[in-house]
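Undergrad: Got a structure for you, questions after.
The values are calculated or read from the model by the stated rules, or taken from the named source; none is laboratory data. Just so it is clear, the model here is predicted, and its values are computed rather than measured. Neighbour counts are summed over all protein chains in view; Cβ atoms, including those assigned to glycine, are modelled from backbone coordinates with ideal geometry.
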Amino acid sequence: MGFGAALKSALTKYFSFNGRARRSEFWWFTLFYYGLILGAGMLGNMLSGNSGSLVGPFVAVVLFGLFLPSVSVWVRRLHDAGYSGWNLLIALLPLLGGLILLTFSFEDGIHGPNKYGPDPKNRPSIDY
C-alpha cells in the first residue's frame, strides 16, 4: 500500500475502530501525522517569530483534528496483529508502555482472517 492509498484508507475510516490495518497503512499515516505536526510547528514559529517551541495553535489544530484517526488506525493495527484495541492503553505506562506498543506495531499481521476481520492483504490462513 502506497502513501496515497494508506492516507485515504486511514482518513476515510476516521471513526472506524473495527477491522484491521496493514503495517504500511499505519506507518504511512504516522509519517504524515508527525510530518504535519512538525510543519504546523514550524509555520507557527515563523509567523510568531518564536523559535523556542514547536507547540502552538497550529499544532493544536492538527492534534485535535487528527486525534481520532490516529487512535483508530492504532486500534486497527493492533487488531491486525491479533491484539485487542484496549491494549492501546498500555501507552499510559511511563516509558515502557510506548516501547511495548512500538513492538506491537512492527509485528506482521495474522495470515488469513482473525476475530477482528479478514486479512487486509488477502493472504490464506497458515495452519501450524
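Undergrad: Taking GLY97, is it surrounded by 14 or more Cβ atoms within 10 Å (Cβ to Cβ), at pLDDT below 90 and either at negative phi or in contact with a Leu (Cβ under 9 Å, 6 or more places away or on another chain) (or both)?
TA: Taking the combined requirement at face value, the residue does not satisfy it.
Undergrad: Which residues, taken from the stretch 1-58, are of a type in the set (Lys, Arg) and either out of contact with any Pro (no Cβ under 8 Å at 6 or more places or on another chain) or farther than 21 Å from GLY117 by Cα (or both)?
TA: Within the stretch 1-58, LYS8, ARG23 meet the criteria.
Undergrad: Among (1) closer than 20 Å to ALA6 by Cα; (2) surrounded by 15 or more Cβ atoms within 10 Å (Cβ to Cβ); (3) over 15 Å from the mean Cα position of the chain (by Cα); (4) not hydroxyl-bearing (Ser, Thr, Tyr), which single condition is PHE58 missing?
TA: (1)
Undergrad: Condition (residue is of a type in the set (Phe, Trp, Tyr) and in contact (Cβ under 8 Å) with a residue 24 or more places away in the chain) applied to the stretch 68-85: is it met by at least one residue?
TA: For the stretch 68-85, residues of a type in the set (Phe, Trp, Tyr) and in contact (Cβ under 8 Å) with a residue 24 or more places away in the chain: present.
Condition check ((1) in a helix (DSSP H, G or I); (2) in contact (Cβ under 8 Å) with a residue 60 or more places away in the chain; (3) more than 19 Å from MET1 (Cβ to Cβ)) across all residues:
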| residue | (1), (2), (3) |
| --- | --- |
| TYR14 | no, no, no |
| GLY19 | no, yes, no |
| GLY39 | yes, no, yes |
| ILE100 | yes, no, yes |
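Undergrad: State yes or no: is ARG76 of a type in the set (Lys, Arg), in contact with a helix residue (DSSP H, G or I) (Cβ under 9 Å, 6 or more places away or on another chain), in a loop (DSSP other than H, G, I, E, B) and within 17 Å of GLY117 (Cβ to Cβ)?
TA: Considered against the rule, which asks whether it is of a type in the set (Lys, Arg), in contact with a helix residue (DSSP H, G or I) (Cβ under 9 Å, 6 or more places away or on another chain), in a loop (DSSP other than H, G, I, E, B) and within 17 Å of GLY117 (Cβ to Cβ), ARG76 comes out as no.
Undergrad: Could you please find all residues in the stretch 19-36 being under 12 Å from VAL75 (Cα atoms) and surrounded by fewer than 17 Cβ atoms within 10 Å (Cβ to Cβ)?
TA: Once the filter is applied, which keeps residues that are under 12 Å from VAL75 (Cα atoms) and surrounded by fewer than 17 Cβ atoms within 10 Å (Cβ to Cβ), the stretch 19-36 yields only GLY19.
Undergrad: On the given criteria, is LEU43 more than 29 Å from PHE104 (Cβ to Cβ) and touching a residue at least 12 places away in the same chain (Cβ under 8 Å)?
TA: yes
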